[in-house]
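Enquirer: Dropping the structure in here first, questions after.
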């Protein structure tokens, strides 16, 4: 598997993002470097971390150890909820940039809207400054619901390039996805496998058998075939390799419809509710 095997999606500002990346949520920092190095050897060129994951240093160490040219790598990180606010966000970005050991971050996201604090618009203005200064190549959000997106677009100057949200067959967030498409915001799916819960669904298993691939490949193919960017997490080199190998087959319209039919609404959610989530993401 080489980087040329993974297509890119062009964001609304012209920046290209590899459609499959490696997520490192809940990967401990002391294991992150080995995990990311392994993924880069398999062919990944897109790594997604966050200040709240406490493993940016491990990601940065892997990027340096790989010897790959910086321009071949796409690095995403996210702002901690507790660091929202204009000046605080600018300071937090510098902490992330130092931890990663990079001059420029490819994509910087507001991790959660935290509407109870009402700071995400102010925070976004700091992100716009970072973009204008060239410290980041693209700015976006994560876990933003349609009303949060609408407010950003109405009150600020830059439309988010990405909204990274939980999307998988049993939790598809159709309204969020539709609003993103209408605004020109790329949907990036985290927990694209439903943290493994969706892999045993009969429709997924049947498609995997018919196509001669794994259930995880079926679910990831379902996502990329609909234009989403995905960031599956795995510590296993074998699963990393199969997770990125989803561009040599296609789901039929019938198979796609069967996966679409797995939607179960909020019952399928595995993460927090963005309308109420208010944790700071700082260690206690």
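Enquirer: In whole Å, what is the distance between the alpha-carbon centres of the stretch 232-284 and the stretch 13-74?
Expert: 19
Enquirer: Please give the peptides 240-247, 24-31, 271-278, 135-142 ranked by average Cβ packing (other Cβ atoms within 10 Å per residue), highest first, as a rough proxy for protection.
Expert: Highest mean packing first, the order is 135-142, 240-247, 24-31, 271-278.
Enquirer: Still on this structure, I have one more. Report the calculated FRET efficiency for residue 150 and residue 72 (r = Cβ-Cβ distance, R0 = 30 Å), to the nearest 0.05.
Expert: Working from the Cβ atoms, E equals 0.25.
Enquirer: How far, in nm, would the chain grow between residue 91 and residue 225 when pulled straight, counting 0.36 nm per residue and subtracting the alpha carbon separation?
Expert: 44.4 nm
Enquirer: Given Cα pairs under 8 Å that are at least 6 residues apart, what percent is the relative contact order of the stretch 211-284?
Expert: Worked out over the stretch 211-284, it gives 31 percent.
Enquirer: Shifting gears a bit: Return the FRET efficiency for the residue pair residue 41, residue 249: r is the Cβ-Cβ distance, R0 is 25 Å, and the value is rounded to the nearest 0.05.
Expert: With a Förster radius of 25 Å, E is 0.60.
Enquirer: While we're looking at this one, here's another question. Sort 48-54, 5-11 by packing, meaning the average of other beta carbons within 10 Å per residue, with the highest value first.
Expert: 48-54, 5-11
Enquirer: OK, next. Using 0.36 nm times the number of residues separating residue 183 and residue 197, minus their current alpha carbon distance, what extension gain do you get?
Expert: Between residue 183 and residue 197, full extension yields 2.0 nm more.
Enquirer: Please state, to two decimals, what the Cα-based radius of gyration of the chain comes to when divided by 2.2 N^0.38 Å (N = residues).
Expert: So the chain has a normalised radius of gyration of 0.95.
Enquirer: With a Förster radius of 25 Å, plug the Cβ-Cβ distance of residue 8 and residue 238 into 1/(1 + (r/R0)^6) and report the FRET value to the nearest 0.05.
Expert: 0.50
Enquirer: Would you mind ranking 68, 79, 199 so that the residue whose beta carbon has the fewest other beta carbons within 10 Å leads the list?
Expert: Listed from fewest to most nearby Cβ atoms, that is 68, 199, 79.
Enquirer: What nm value, rounded to one decimal, do you get for the distance between residue 121 and residue 267 when each label is placed 7 Å out toward the C-beta?
Expert: Result for the modelled spin labels: 3.8 nm.
Every read-out reported here was derived from the displayed coordinates using simple, explicitly stated rules and does not represent laboratory data. In this text the structure is predicted, and so the values were computed from the model without any measurement. Positions of Cβ are backbone-derived with ideal geometry, glycine not excepted, and every protein chain shown enters the neighbour counts.
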